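Nothing in this text is a laboratory measurement; each read-out follows from the coordinates by a stated rule. Remember, predicted model here, so these are calculated numbers, not experimental data. For neighbour counting, all protein chains shown are included, and Cβ atoms are generated from backbone atoms with ideal geometry for every residue, glycine included.
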Amino acid sequence: MRHTAFRFLLFFVLTASALAQSQQRAIERAPDVKRLRAHVTYLASDELEGRRTGTRGADAAARYIAKEFARYGLRPGFDKPYTAKDSGEYHGQYMQRFPFVARVEAGKNNRMLFSPTAAIEERNASRAASLDLRFGEDWMPLAWSANGNLEKLPVAFVGYGIKADELHWNDYAGVDAKGRIVLAFDGAPDANNPHSEFGAYADLRRKAAMARGAGALALIIITKEQNFNDDRLARLRFDAGSGGTSDAGLPVAAISRAAARRILESGGIAPPLDDLEKTLASLRGQEAATSSDNSQSAHAARRNLSIALKAVTLNIQIDLLRREAPAANVVGVLEGADARLKSEAIIIGAHYDHLGRGGTGSLAADGDNERGEIHHGADDNASGIAALLELARTFAAARDKPRRTLLFIAFSGEEEGLLGSNFYVNNPVVPLAQTVAMINMDMIGRAKDNKLIIGGVGTATEWRGILEEANTNKFTREQLSQSQATHRRSVNDRGRADSDSQTPAPSERNAVQDRNSAQHDTSNFLKLFDLTLNEDGFGPSDHASFYAKRIPVLFFFTGTHADYHKPSDTAEKINYDTEARIASFVQDVVRQLDKRTARPTYQTARSDAATRATPGFRVFLGTLPNYADTSDGVLIDGVRADSPAERAGLKAGDRIVRMAGRDVRNVYDYTYALAEMRAGQVYEVEIVRGDKHLQLRITPAARK
């Protein structure tokens, strides 16, 4: 009895010592709360001004990340610095530059000249003089206008320049816009309605697409403010987040109300502009109060307002210069320790860009103000970058190096449409065929109630098992395992002594029941997080670029909150203790993946795409369009499984050039065509695949 007690005591001491050493080693290589806080505090500081791609703040963030990678001993991803400015800097070798237009400037050759025709000159000499409109005072091109030089073109007035069949509104009805410059009001006929049913139809990009689709050669927008310089369109404002790198396919400019009045009066439209707007609003009111079967009078009246100005011509020349700015992914490499497996790579990524001082994407009250408050982006996504840096540090410092090569990538251009990650997958450091998985962290700093969302679980058959194992408290798991082993040895000893007995003693039955009860009671305690697992590999972050290339992905996310895309997303609101636990969880997932010699098995994930289609669209196709700059169609990065696009025969790599009767030059043309499509109706889609032009037929599905 004394010997048995001694053996149990010795076993307990040795087990406790081993567990203590194991815990100490884990603590030494665990992500550190203080370091996480320091990274987020700097990246989300006023000094970096919101890290908008292409700005000084984003460049400073990239250099900070590169220097941290160098401190940890990660190898640079590239042999040469990414700009001449970095030629003397080792840190520049971590940078992967990609094309990015950050601003637009006016060139020297911008001109707009209004001229009455000879007939007007003869009838009314007082209105016959040509008017050379003053650049910056009477008119201004929009930053996404195409360059062009148009001479003596006829003009048509087209109301608000809106065509919305389901709203029984068509400003192009009865007007031949082909070969003309069209003149339209900014806004919509119910502009004073905060819940305007026209919604996206008032978007100027959409109006430009409408004008081009009607055959117009240029679009002139009449500003809202009486004083031109007070109007938002009077400034040559470029917002990369609005996709401004893609031009509209035709010249687009804003014009003062005074200049527009002169043009309309010369063309025979006498009412003042304010009265014209009121008349259009009243027509909308008539249609709202009248059934569609009895609205012919309203339609006829509106056709009388949209009119070709036969006695007026315009010359317009637009000269815009698009300026690129530094934009780069930051890539650090930790080479694998296994002679064979180090040729394979696991990517751990997060994006470091945010919204700067607002603009497109901002949800602040004055977010449209390009010089508004700094959007600090602590959670989105300084939190992900902080975890990325801590994982780089701990993996590099660990004695047991991963067998596979780890690539740590800080992406830029995510907020502009996954530009950085899309560039990387087309210009990889390690061939995609040797990239076994991509782990993405985006907004992991504001967990609530110990909840963690993980996307992409359906992209590899092994993910659920890996996540379940990683989500078990390792220390408690080891202690329970040791306790169970001790109990088994005790039962075996008693079993040998009582080998003649076929029925367990009451005390043994009670012990088994107690152990089963204890295991049941501790099952929840063993779980590190309350996980929400989503199958889909697509989503609004950089992992989507990799899944489109058939690479298994996981996406770690703690959910949105009231500070999302607002200046109030600040460093002191991050839950650093929980973020450290999430980073440690990701670390364990990577370890679990790396210890398996077999690569994760890619599979097409089940998707609830119809539910998560882009808000505002009544249909979905199942395509993942590329948001990079383009003027020759929209490249499709991926196609969802069992979607209308897949059934139509669309494939990743196809370029859509025409859809639903509309030419498609860029993603804006694509989304406007999508907005007009109806579920269950068959549409023609023209694509370019390699060197072939193909005609496909697609039937959109209803959005749930």
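What the table below lists for this structure:
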item: Sparse-neighbour loop sites [GluC sites (Glu not before Pro); segment 164-227; at most 15 other C-beta within 10 Å; DSSP]; result: GLU197, GLU225
item: Estimated inter-spin distance, ARG323 and LYS342, nm [label 7 Å along Cα→Cβ]; result: 4.5 nm
item: Alpha carbon convex hull of segment 619-702, projected area averaged over orientations, nm²; result: 4.6 nm²
item: Radius 13 Å from Cβ of ILE65, net charge of other residues (Lys, Arg +1; Asp, Glu -1); result: +1
item: Distant-in-sequence amide H partners of MET659 (H built 1.01 Å from N, under 5 Å); result: VAL664, GLU686
item: Inter-part distance where segment 384-446 and segment 663-680 are each reduced to a Cα centre, Å; result: 33 Å
item: Which of GLN695, VAL657, TYR668, positive extreme of dipole for segment 619-702 (C-beta unit charges); result: GLN695
item: Hits among lysines - C-alpha to C-alpha of LYS527 under 27 Å, sequence gap 8 or more where chains match; result: LYS34, LYS401, LYS448, LYS451, LYS474, LYS573, LYS595
item: Residue-span extension gain [VAL688 to ALA258] - 0.36 nm each, minus C-alpha spacing; result: 150.2 nm
item: Per-peptide average of other Cβ atoms within 10 Å, ordering 373-382, 173-182, 35-44, 202-211 highest first; result: 373-382, 202-211, 35-44, 173-182
item: Hits among lysines - C-alpha to C-alpha of LYS692 under 27 Å, sequence gap 8 or more where chains match; result: LYS549, LYS651
item: With eigenvalues of the C-alpha gyration tensor scaled by 5 and rooted, segment 152-281, Å; result: 20, 18, 18
item: Net charge contributed by nearby residues that have their C-beta within less than 13 Å of VAL182 (K/R +1, D/E -1); result: +3
item: Percent antiparallel among DSSP beta bridges (both partners in segment 329-430, rounded to 5); result: 40 percent
item: Summed side-chain charge close to ILE374 - residues other than ILE374 whose Cβ falls under 9 Å, Lys, Arg +1, Asp, Glu -1; result: -2
item: Relative contact order (%) - criterion: Cα under 8 Å, at least six apart; region: segment 619-702; result: 31 percent
item: FRET efficiency for ASP400 and LYS34, using Cβ-Cβ distance with R0 set to 25 Å, rounded to 0.05; result: 0.55
item: Cβ-derived FRET efficiency at R0 25 Å, LEU533 paired with LYS573, nearest 0.05; result: 0.45
item: Alpha-carbon Debye profile of segment 623-662, log10 I(q)/I(0) at 0.24, 0.32, 0.33, 0.34 Å⁻¹; result: -0.80, -1.14, -1.17, -1.19
